[in-house]
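Scroll down for the structure; my scribbles are underneath it.
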C-alpha cells in the first residue's frame, strides 16, 4: 500500500490516503491534480494496474464536476480511486485513452452524461445519447 501511495504522491493534491476496503470499496483514495492525471495513469499502467471504470459526479454548488477513475491490481489485490475536479462549465481534462485504450468508452460516456470534454480523445461521437443531444442527463440541474 505504501508503494502505491509513493507512486501517486507526486501527482496528488495532497498525500493519497489508505482507506478501509470493507467501508469504502477501495484501498487508496487520491485527489489528483487534473493536469497530472495522464502521468498518474501512466505510472499505474507501469505498475500493472488495470482501469476498471471512469465515473462522474456533478457538484453544481461548487461549479465543478468530478471524475473518479477506478483502478485495480489483481496480483496485489489493491483497488485505487483517483479523483480529479474540473470546472462544470467547459470542463476539460486530457484523455488517458492513449495509456488505457478502454478509457475511450468511459470518457465518451462521461462526456455524454456530464459534458466533460477529453482533449486528445480521437472520437467524440456520442456513445449513448442521440448525436444531436445538447443536454447532459446526469447533471443535477437536468430537466429543471
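Just so it is clear, none of the values below were taken in a lab; they were calculated from the coordinates. In this text, all values refer to a predicted model and were calculated from it rather than measured experimentally. Because the Cβ atoms are built from the backbone with ideal geometry, glycine has one as well, and the counts that use them run over all protein chains shown.
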Self-check item: Top of 80, 18, 30 by mean-square fluctuation, Gaussian network on the chain, Cα under 10 Å
Solution: 18
Quiz item: Under a plain spin-label model, where a point goes 7 Å from the Cα along Cα-to-Cβ, how far apart in nm are residue 87 and residue 33?
Solution: 1.9 nm
Practice problem: Order the peptides 21-28, 36-43, 4-11, 123-130 from the highest to the lowest mean number of other Cβ atoms within 10 Å of their residues. | Solution: 36-43, 4-11, 21-28, 123-130
Practice problem: Based solely on C-alpha atoms, express the radius of gyration and the Dmax of segment 2-89 in angstrom. | Solution: 12.7, 40
Exercise. Sort 57, 93 so that the residue with the fewest other Cβ atoms within 10 Å of its own Cβ comes first and the one with the most comes last.
Key: 57, 93
Exercise. Find how much the distance from residue 141 to residue 59 grows on full extension, using 0.36 nm per residue of separation minus their present alpha carbon separation; answer in nm with one decimal.
Key: 28.5 nm
Practice problem: Can you tell me the 0 to 90 degree angle between the C-alpha axis of helix 103-114 and the longest principal axis of the chain, rounded to 10? | Solution: 50 degrees
Self-check item: Helix axis angle, 37-46 relative to the chain longest principal axis, alpha carbon, degrees
Solution: 50 degrees
Quiz item: What is the distance, in nm, between label points placed 7 Å from the Cα along the Cα-to-Cβ direction at residue 17 and at residue 47?
Solution: 1.8 nm
Quiz item: Any idea how far apart residue 117 and residue 24 come out in nm if each label point goes 7 Å out from Cα toward Cβ?
Solution: 3.3 nm
Quiz item: Based on the alpha carbon coordinates of segment 40-92, what radius of gyration and maximum Cα-Cα distance (Dmax) apply, in Å?
Solution: 13.2, 40
Quiz item: At 222 nm, what helix-only mean residue ellipticity would the chain give, in deg cm²/dmol to the nearest 500, using -39500 (n - 2.57) for each DSSP H run of four or more?
Solution: -6000 deg cm²/dmol
Practice problem: Please find the FRET efficiency linking residue 105 to residue 6, where r is the Cβ-Cβ separation and R0 is fixed at 30 Å, and quote it to the nearest 0.05. | Solution: 0.50
